[in-house]
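See structure below.
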Amino acid sequence: MWYLDRIKANLTEADRRRLNAVYEPFVAAVPPDDSRRGLCVMPNGELRCYGVEGRTHGKREGGRMIYLYSRNGLDWTRGEAPEDAAPVDSSSLVGNGRAVMGSAMRIPWSGSYITVVTWKEGEHAGTWAELSETGPGDTDVRLVQICDEICFDLFQPVALSSRKRLIVTAYISGEAGGHPCVLISDDDGESWRIVPLKPAPEHTVVFPHRGTRWQNNGVEPNLAELPDGRLMLLARTSLDYFYVYYSEDQGDSWTSGEPSLFHGTLTTPYLLRLSDGRVICFWNNTRPLAEVNHDLTWPPVSDSVKNGFSEDVFTNRDVSHVAITSDGRNWTGFRELALNEVRNAADFRVRGGSGSSIDKSVHQFQALELPYGKILVSYGQNEVSRRLAVFDVNWLYERQRDENFSLGLEYLSTHLYVKSLSDSCIARGYNGHCAWNRTNGALLVPDPDCNGGEVLQICRIHDERLVSELQGAVWNFPAAARGTLKLQLRIEGSGLLVRLCDHWMNPSDEYAGLYAVYDFELDSRTLEPAVWHDVTIAFDRDQASVFCENRLLFYVRQKAPAPTGISYLHMQTMAECHDPCGTLVRSMAFSGD
């Protein structure tokens, strides 16, 4: 990577020590805008993260172009573009003002910079390439028109290593329906051609769904060059998986698309190629709650939601993930990059004020490679949830993880949803876009052995305000085809539903068992109540063995294929009514083979 040595040259000895010390994700700053295209590297190796400040939510006009800058990825300072600079938002849309280059990609073989932007109206209506010899901050950029159409969901261009070709992923909508596409230039952005891709299928109502999802058929596509030379493109869908497309001729032609290995619904993927050829995938390895019958929703939702043209609520954007491949076929990691810091907020709908983004999520990503095997990633949308973080790539190859709640519930999902307004409320000027308020579900309570520690209590408390009373806890560990999970727990009430999964599901999801790889129960019929037990779950591809104090309890057959391995423990109360005692969990530990 051209810039790695330049970043190194800017580092002080203290910078080197601090950067080398980073291992698991370390939050460094709050980016100035939604995470998708703001990161870039200046010719001298300075890191920048561009965005728009001062916009009223739900409105495209107004605001000012600003940026953060850093020499090491850990310390960031605010900078400002010229006051008359036209702001460019995270979706690439240019506002009013003078064209000034913001975030852009340096073309490795020429040293010049390029980015692709859109204007919705005016003399520049359409999609354009901005070209510059000096890079971000250039007030005299040169514009080259790509097409009259407005291309949506533009990431920064990708420069291929196999030839001098630039590719930009995009989505084009039309009267006959939209489709993903790639924009290709073989002359450093001076001329372009568009290669369309086949759209992904629409969502159909199949149980447990009782309504239609927002129909996305390949929006927000993103690609990377794989180690074997193929191009891989992931696209957002309304299904339970991202769709994947491959090209074996550097983008000239593409496969028709198929469900990928990556779970994900109505969220954005991002692929990053490292200097050694490995590829990292950032995405939301999550499943939302089943769609309801929108005709029966109270308060009522719009016809747009009922007909699949917009969303009622996002229940799958509170956790983001990372995996890595060295061959483009086998992926390692499937680790949680981040859990939404406000995922339990009772005022989730309005938290974050009226900034440029109304989505309180940790979806949307952009990343850069840093020296010493570190990765800089921008993720999330609203200022209360978006972050700039740094982690070590070796963290993705860990095989063990344990949890004893010494840091509280920082690494678990336990939230419950409160009955709230559904639907996008942008038109009403309300900062509650497709969101429900939340509250805490499973909580930490004093260990009954009075040892000064705390344990997790998973129970059921009757509360008419909740969407579901089913308390649960969801915990991630490094993905493995074979592994051992050890739990120390104590049955006090109705017992636990235990699921081993290959993706995150909501703690309160009543249908989680339908999608689990393994699904079984632990209660007083199996374990003596009011006594601590050491339970071991050993899984090996098609079967799991469940032990208590090294005594075999039973076997569990695999319910569903898990081509990427198991990476989640999902525990949920078995109680069918009020059960304040529940089950206590003292610790969890995982070891993968």
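The values are calculated or read from the model by the stated rules, or taken from the named source; none is laboratory data. Computed from a predicted structure; not experimentally measured. Virtual Cβ from ideal backbone geometry, glycine too; neighbours counted across all protein chains shown. Calculation scope for accessible area: heavy atoms of the full protein, side chains included, ligands and nucleic acids excluded. Shrake-Rupley method; radii C 1.70, N 1.55, O 1.52, S 1.80 Å.
Considering only P478, G441, S413, whose Cα is most displaced toward the positive end of the charge dipole of the stretch 399-501, charges sitting on Cβ of Lys, Arg (+1) and Asp, Glu (-1)?
With unit charges placed on the Cβ atoms, the residue in question is P478.
For the chain, what is the accessible area per residue in Å², given a 1.4 Å probe and the full set of protein chains?
Result: 38 Å² of accessible area for each residue.
Work out, step by step, the length gained on full extension between E341 and V195: first 0.36 nm times the residue separation, then minus their alpha carbon distance; give nm to one decimal.
Net length gain for the segment: 48.6 nm.
For L514 and D75 in the same chain, what is the full-extension length gain: residue separation times 0.36 nm, less their Cα-Cα distance, in nm?
The span from L514 to D75 would gain 153.5 nm if fully extended.
Evaluate the charge dipole of the chain about its Cα centre and quote only its size in Debye, nearest 20, assuming +1 on the Cβ of each Lys and Arg and -1 on the Cβ of each Asp and Glu.
480 debye
Which residues in the stretch 548-582 place their backbone N less than 19 Å from a point set 7 Å from the Cα of R482 along the Cα-to-Cβ direction?
555-559, 561-568
What order, most packed first, do the peptides 40-47, 78-85, 371-378, 473-480 have when packing is the mean number of other Cβ atoms within 10 Å of each residue?
The peptides rank, most packed first, as 473-480, 371-378, 40-47, 78-85.
Pairs K198/K559; K486/K559; K198/K419; K419/K486; K306/K559; K198/K374: which are spaced more than 30 Å apart, C-alpha to C-alpha?
The pairs that break the limit, which is 30 Å between Cα atoms, are K198/K559; K198/K419; K419/K486; K306/K559; K198/K374.
Leaving out ligands, DNA and RNA, what percent of the accessible area of the stretch 149-264 is carbon and sulfur, probe 1.4 Å?
50 percent
Classify the stretch 41-129 as rounded, prolate or oblate, taking a ≥ b ≥ c as the square roots of the eigenvalues of its Cα gyration tensor: rounded when a/c is under 1.5, otherwise prolate if a/b is larger than b/c and oblate if not.
Cα axes put the stretch 41-129 in the oblate bin.
Using 13 Å as the cut-off for backbone N distance, which residues of the stretch 86-113 belong to the label zone defined by a point 7 Å from the Cα of E133 along Cα→Cβ?
Output list for this probe position: 111-113.
Once Kirkwood radius over Cα pairs in Å is worked out from the coordinates, which option in (1) 24.1; (2) 24.9; (3) 28.8 does it equal?
Given (1) 24.1; (2) 24.9; (3) 28.8, the calculated one carries the label (2).
Percent of accessible area on the stretch 281-414 owned by carbon and sulfur, 1.4 Å probe?
Of all accessible area on the stretch 281-414, carbon and sulfur atoms account for 47 percent.
Quickly estimate the mean residue ellipticity at 222 nm for the chain, helices only: each DSSP H run with n ≥ 4 gives -39500 (n - 2.57), and the total goes over all residues, rounded to 500.
The helix-only estimate for the chain comes to -1000 deg cm²/dmol at 222 nm.
Could you give the length gained by full extension between S91 and A21, i.e. 0.36 nm per residue of separation minus their alpha carbon distance, to one decimal place?
21.8 nm
Pairs of Cα atoms under 8 Å, at least six residues apart: use those to get the relative contact order of the chain, whole percent.
After rounding, I find 11 percent.
Mind running the shape call on the stretch 368-494? Use the C-alpha gyration tensor, a ≥ b ≥ c as the square roots of the eigenvalues: rounded below 1.5 for a/c, prolate if a/b tops b/c, oblate otherwise.
Because a/c hits 1.5 or more and a/b fails to exceed b/c, the stretch 368-494 counts as oblate.
Specify which residue in the list V206, F242, I167 is farthest towards the positive end of the charge dipole of the chain, using unit charges on the beta carbon of Lys, Arg (+1) and Asp, Glu (-1), about the Cα centre.
Most positive-ward Cα: I167.
Just report the Cα centroid separation between the stretch 255-326 and the stretch 65-99, whole Å.
28 Å
Just to be sure I understand the model, the point goes 7 Å from the Cα along the line to the Cβ. What's the resulting E521 to R142 distance in nm?
7.2 nm
Quickly work out the S468-to-S545 label distance, labels modelled 7 Å from Cα along the C-beta direction, and quote it in nm with one decimal.
3.2 nm
Please report the carbon-and-sulfur percent of the accessible area for the stretch 37-112; probe 1.4 Å, protein heavy atoms only, DNA, RNA and ligands left out.
The nonpolar share, carbon plus sulfur, comes to 43 percent.
Considering only S378, W298, G251, whose Cα is most displaced toward the positive end of the charge dipole of the chain, charges sitting on Cβ of Lys, Arg (+1) and Asp, Glu (-1)?
Of the listed residues, the answer is S378.
So, with +1 on the Cβ of K and R and -1 on the Cβ of D and E, and no other charges, what is the size of the charge dipole of the stretch 508-593 about its Cα centre, to the nearest 20 debye?
Computed charge dipole of the stretch 508-593: roughly 200 debye.
In sequence order, what are the phi-derived ³J(HN,Hα) couplings for the stretch 38-52 according to the Karplus relation 6.51 cos²θ - 1.76 cosθ + 1.60 with θ = phi - 60°, rounded to whole Hz, with x for glycine and proline?
x, 6, 6, 10, 6, x, 8, x, 5, 8, 9, 9, 8, x, 10
Work out the length of the dipole vector of the stretch 430-489 about its Cα centre, built from +1 on the beta-carbon of each Lys and Arg and -1 on the beta-carbon of each Asp and Glu, and round it to the nearest 20 debye.
Here the size comes out at about 320 debye.
For the stretch 445-534, what does the alpha-carbon gyration tensor say about shape, rounded, prolate or oblate, given a ≥ b ≥ c as the root eigenvalues, a/c under 1.5 as rounded, and a/b over b/c as prolate?
Taking the square roots of the gyration eigenvalues as a ≥ b ≥ c, the stretch 445-534 is oblate.
Among 332-338, 500-506, 11-17, how do they line up from the highest to the lowest mean number of other beta-carbon atoms within 10 Å?
By packing density, highest mean first, the sequence is 500-506, 332-338, 11-17.
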